[in-house]
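Report on one structure; see the data block that follows.
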Amino acid sequence: MATGKRTKIVLTLAAAAMAILALATPSPGAVLKVDFNSTNQDGGPHNQADWSAYDAGHEVAADFNTKPYDGITVTPTWPNTTA
């Protein structure tokens, strides 16, 4: 096999491998930033700029439910600390 043809095959295989690797490697995306706010304290909510808001009333259990953010859902849970 001629050297030029072999070089072309090697370069083609290398390019194909790099393309496959690029597709298989997750690209850096946006960071999910959620600002948990109270709707009934300090005149809230006070959402941080460029953050998604999770607004709930302080100690209002019905406000703490699952909320979606860019295809991700957030459900707050906490331990029972009444004991």
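Results, tabulated for the structure shown:
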item: Hits in the range 35-77 (condition: in contact with a Leu (Cβ under 8 Å, 6 or more places away or on another chain) and not charged (D, E, K, R)); result: S52, Y69, I72
item: Residue that is farthest from the chain's Cα centre (by Cα), among those in the range 44-61 that are farther than 18 Å from T81 by Cα and surrounded by fewer than 11 Cβ atoms within 10 Å (Cβ to Cβ); result: A49
item: Residue that is most open to solvent (accessible area, probe 1.4 Å), among those in the range 62-83 that are touching a residue at least 12 places away in the same chain (Cβ under 8 Å) and not β-branched (V, I, T); result: D70
item: Residue within the range 22-31 that is modelled with pLDDT under 85 and surrounded by 10 or more Cβ atoms within 10 Å (Cβ to Cβ) present; result: no
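The values are calculated or read from the model by the stated rules, or taken from the named source; none is laboratory data. Predicted model only: the values in this text are computed from it and were never measured. Glycine gets a Cβ as well: all are built from the backbone with ideal geometry, and neighbour counts include every protein chain shown. Keep in mind that these areas ignore ligands, DNA and RNA; they rest on the heavy atoms of the full protein, side chains included. Shrake-Rupley method; radii C 1.70, N 1.55, O 1.52, S 1.80 Å.
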